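Below is one structure, written out as structure tokens; comments come after it.
The values are calculated or read from the model by the stated rules, or taken from the named source; none is laboratory data. Treat the numbers as computed from the prediction; the structure is a model and nothing was measured. No Cβ is skipped: glycine too gets one built from the backbone with ideal geometry, and neighbour counts run over all protein chains shown.
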Amino acid sequence: MDTLTELDPLTFTNLLNDLGADFVCELVETYCNDSRQQLHILQTALDQGDQTTFTRAAHSLKSTSLIFGALGFANLARELEMLGRAGRLEEAYEKSQQLVDACEPLLRKLKDLCHD
């Protein structure tokens, strides 16, 4: 799970340089809230067999995670997105749980970077 919670320091530093620390920290808060919501949507869609909603939530998690340099998290979300697009939701349970387990530690790391 360590790779799922790692952040690419160059991506985050570039974001800070381009947008400023105050704005990036606001974005981190928004990302944290949105990620929790998207994970909830993803899990609910998975339980209900809703391929479209599952795929959309995985895509959203992938895209927003890349912005902050959460590359491992984004890559796993990409795998889930591809499973959703292929209609292979039954294969997504274990991977989706890995994403859920990694979420809070990843969000803590991002928040810690804002307070450094």
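Worth a mention:
- Conditions (1) at pLDDT below 95; (2) assigned to a helix (DSSP H, G or I); number of the one not met by Arg78: (1)
- Taken over region 19-32, residues that are surrounded by fewer than 12 Cβ atoms within 10 Å (Cβ to Cβ) and at pLDDT 95 or above amount to 1.
- Candidates Leu110, Leu76 - the one that is crowded, with 19+ Cβ neighbours inside 10 Å and either over 11 Å from the mean Cα position of the chain (by Cα) or among the aromatic types (Phe, Trp, Tyr) (or both): Leu110
- Checking each residue in region 1-57 for being under 16 Å from the mean Cα position of the chain (by Cα) and assigned to a loop (DSSP other than H, G, I, E, B) picks out Met1, Glu6, Leu7, Asp8.
- Of all the listed residues (Ser65, Ser60), the sole one being of a type in the set (S, T, N, Q) and either touching a Gly at 6+ places or on another chain (Cβ under 9 Å) or crowded, with 20+ Cβ neighbours inside 10 Å (or both) is Ser65.
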